1. Among residues belonging to segment 164-181 that are in contact (Cβ under 8 Å) with a residue 60 or more places away in the chain and near the ligand (Cβ under 9 Å from one of its atoms), point out the one that is surrounded by the fewest Cβ atoms within 10 Å (Cβ to Cβ).
2. Go through segment 18-32 and report how many residues are crowded, with 16+ Cβ neighbours inside 10 Å and free of Cβ contacts under 8 Å to residues at least 60 places away in the same chain.
3. Residue check, residue 409 against (1) within 17 Å of residue 178 (Cβ to Cβ); (2) touching a residue at least 40 places away in the same chain (Cβ under 8 Å), all met but one. Which one?
4. Is it fair to say residue 88 is without any contact (Cβ under 8 Å) to a residue 24 or more places away in the chain and closer than 30 Å to residue 268 by Cα?
5. Could you list all residues from segment 42-75 that are in a helix (DSSP H, G or I), surrounded by 14 or more Cβ atoms within 10 Å (Cβ to Cβ) and at pLDDT 95 or above?
6. Name every residue in segment 131-163 that is more than 11 Å from the ligand (Cβ to nearest atom), touching a helix residue (DSSP H, G or I) at 6+ places or on another chain (Cβ under 8 Å) and more than 26 Å from residue 398 (Cα to Cα), in order of residue number.
7. Report yes if residue 127 is assigned to a loop (DSSP other than H, G, I, E, B), in contact (Cβ under 8 Å) with a residue 60 or more places away in the chain and either more than 16 Å from the ligand (Cβ to nearest atom) or closer than 19 Å to residue 274 by Cβ (or both), otherwise no.
8. Output yes when any residue across segment 212-233 is part of a strand (DSSP E or B), within 16 Å of the ligand (Cβ to nearest atom), surrounded by 20 or more Cβ atoms within 10 Å (Cβ to Cβ) and at pLDDT 95 or above, and no when none is.
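The values are calculated or read from the model by the stated rules, or taken from the named source; none is laboratory data. Note that the coordinates shown come from a computational prediction; the quantities given were computed from them, not determined experimentally. Cβ: placed from backbone, ideal geometry, glycine included. Neighbour counts: every protein chain shown.
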Ligand SMILES: Cc1ncc(COP(=O)(O)O)c(C=O)c1O
């Protein structure tokens, strides 16, 4: 990762290009516009989740195959969004399709355990070095239950998280995520702020945020909370932040967090909903070599079916086993999801798959880095495993404060439009990264780099 010598970009030029690209995208997505008008009558905002909203209308998809997706206008695109990183296997993978079909023919839901649930847990134990597992249906459910387990295990209520991190849509973690720079608060004493309406103030007050990549700030905040009689039950965090683009842990940071939490008897939860299965076979745990007390998974686990999991140490999971915590759910361990997860883990996300993803990511990161250097853009490319992004910032982003202070949001928006108009389906939102799939090819990643170069050229012409 190298921060280039930045040049001053012409802001007027960025705005002109944005307008040009917006008009172009609107022109080629007229069937999405028509679909939106119909959808808006019956779906709030015309979408199934607010993360799918887009002005002036969302792009409605029709189908996907391997690395490609097609929208309702027939535009064919390489998928770098991959369902917020769920489809690291590529679309309609035949091995997962066979498993799902075979399971369908034998019944899809019993609310009773099946052998596949055991096989998947055996494989997850091996990959994440945690002995005991349970299932959920989404990342939000995984983090919600993991926090409850930590609270039960420690007998404490306060939850510590990283400022700016997203861990799903339940109340406890919908705190201190996306807020304006001037509202963040003091670095040593970051604010607890609700993310949207409808979250009780009492819940907000129970969640305390600290900056990423600063173990000293975490330690001091824990000590102050302890002095106030509010020692945290857990620290929930992504080992590498995946919603400010990609922010990697600085050397020694995760080890220090592990040591602080262990010393204070605080449960360390690595939320691996995005990193797990996408940045290594054993996620961030394997990649960075630090083992948390609890790991949460979802997204890529089910290979396109809604499946989540929680893994934990014997001690922490004992509160589930002794019945003091109800970790429950009608669809937990659903046979269809488990069949897909089994094929995903054993047949698709193999050691060869991770070797391929690493090589492709190296190629795309290097390609983007070369473009940045050639055109003197203010930014750098950064990534790990299947994940990466170009961060438009003149200096390195290490946490939410530096992200908010430095990210060039206009440039991030323009890059998205450029991609969408040139056959690159990219995750919407200024904070997002790409996820490659095992079906991506050098041709696919070169197409991404070529599109980025075209933008760099037009910006600096
Ligand atoms: C790190 C992390 N945790 C949890 C979640 C919530 O997952 P879900 O949307 O499946 O509820 C997300 C979703 O983006 C996430 O990125």
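1. Among those residues, the one meeting the criterion is 168.
2. The number of residues fulfilling the criteria is 3.
3. So residue 409 meets the others, but not (2).
4. no
5. 45, 46
6. 131, 132, 133, 134, 135, 149, 150, 152, 153, 157
7. When the stated conditions are applied, residue 127 does not pass them.
8. no
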